Amino acid sequence: MSLRQVALRIGVEPAFLSKVERGLTPPPSEAKIVALAEVLGEDPDLLLAMAGKVSSDLLQIIRKRPRLFGELLRQLKEQPDHAILKVVRQVSDGDW
């Protein structure tokens, strides 16, 4: 899919998307990034992170318990992926 096709699908000008891609302009809004992820078949959280952003739903969660989530993220920072996935599975399964 061409840059022009992607731009049209997410509702931005191709020139704008080209500038974003080259780092010449700041990333688009969260909604546009999520739409871009959908068009490209990518994880929206990944593209948001690449743009230096966090999804609004995650921000709401963090704002409810900023100290706890700050500490959790700091503790997980150096952990290998398999250890983090284990914690995620335990929380999802209610096994904690």
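Given the criterion more than 20 Å from the chain's Cα centre (by Cα), surrounded by fewer than 13 Cβ atoms within 10 Å (Cβ to Cβ) and without any contact (Cβ under 8 Å) to a residue 60 or more places away in the chain, identify the matching residue among M1, M50. Break it down stepwise before answering.
Working: M50 fails: more than 20 Å from the chain's Cα centre (by Cα).
The conditions single out M1.
Could you list, in sequence order, all residues of region 1-18 that are of a type in the set (G, A, S), under 19 Å from L48 (Cβ atoms) and part of a helix (DSSP H, G or I)?
First, the residues of region 1-18 that are of a type in the set (G, A, S): 2, 7, 11, 15, 18.
Then drop every residue that is not under 19 Å from L48 (Cβ atoms), which leaves 7, 11.
Within region 1-18, just A7 meets the criteria.
Just checking, does region 57-78 include any residue being in contact with a Leu (Cβ under 8 Å, 6 or more places away or on another chain), charged (D, E, K, R) and at pLDDT below 95? The answer is no; no qualifying residue exists.
Out of region 24-44, which residues are more than 24 Å from L58 (Cβ to Cβ) and either of a type in the set (S, T, N, Q) or within 19 Å of the chain's Cα centre (by Cα) (or both)? First the steps, then the outcome.
Step one: of region 24-44, the residues more than 24 Å from L58 (Cβ to Cβ) are 24-25.
Of everything in region 24-44, just one residue is more than 24 Å from L58 (Cβ to Cβ) and either of a type in the set (S, T, N, Q) or within 19 Å of the chain's Cα centre (by Cα) (or both), namely T25.
Scanning region 20-42 finds one or more residues that are at pLDDT below 95 and surrounded by 11 or more Cβ atoms within 10 Å (Cβ to Cβ). Just to be sure before I move on: is D95 without any contact (Cβ under 8 Å) to a residue 12 or more places away in the chain, part of a loop (DSSP other than H, G, I, E, B) and not basic (K, R) in the structure I sent? Against the criterion (without any contact (Cβ under 8 Å) to a residue 12 or more places away in the chain, part of a loop (DSSP other than H, G, I, E, B) and not basic (K, R)), D95 qualifies. In the set (1) surrounded by fewer than 11 Cβ atoms within 10 Å (Cβ to Cβ); (2) touching a residue at least 12 places away in the same chain (Cβ under 8 Å), the condition left unmet by D81 is number (2). On the stretch given as region 19-50, residues that are part of a helix (DSSP H, G or I), of a type in the set (G, A, S) and closer than 18 Å to Q5 by Cβ total 2. Against the numbered list (1) at pLDDT 95 or above; (2) surrounded by 12 or more Cβ atoms within 10 Å (Cβ to Cβ); (3) of a type outside the set (D, E), V87 comes up short only at (1).
The values are calculated or read from the model by the stated rules, or taken from the named source; none is laboratory data. None of these values were measured; they are calculated from a predicted model. Using ideal geometry, Cβ is built from the backbone for each residue, glycine included, and neighbour counts are taken over all protein chains shown.
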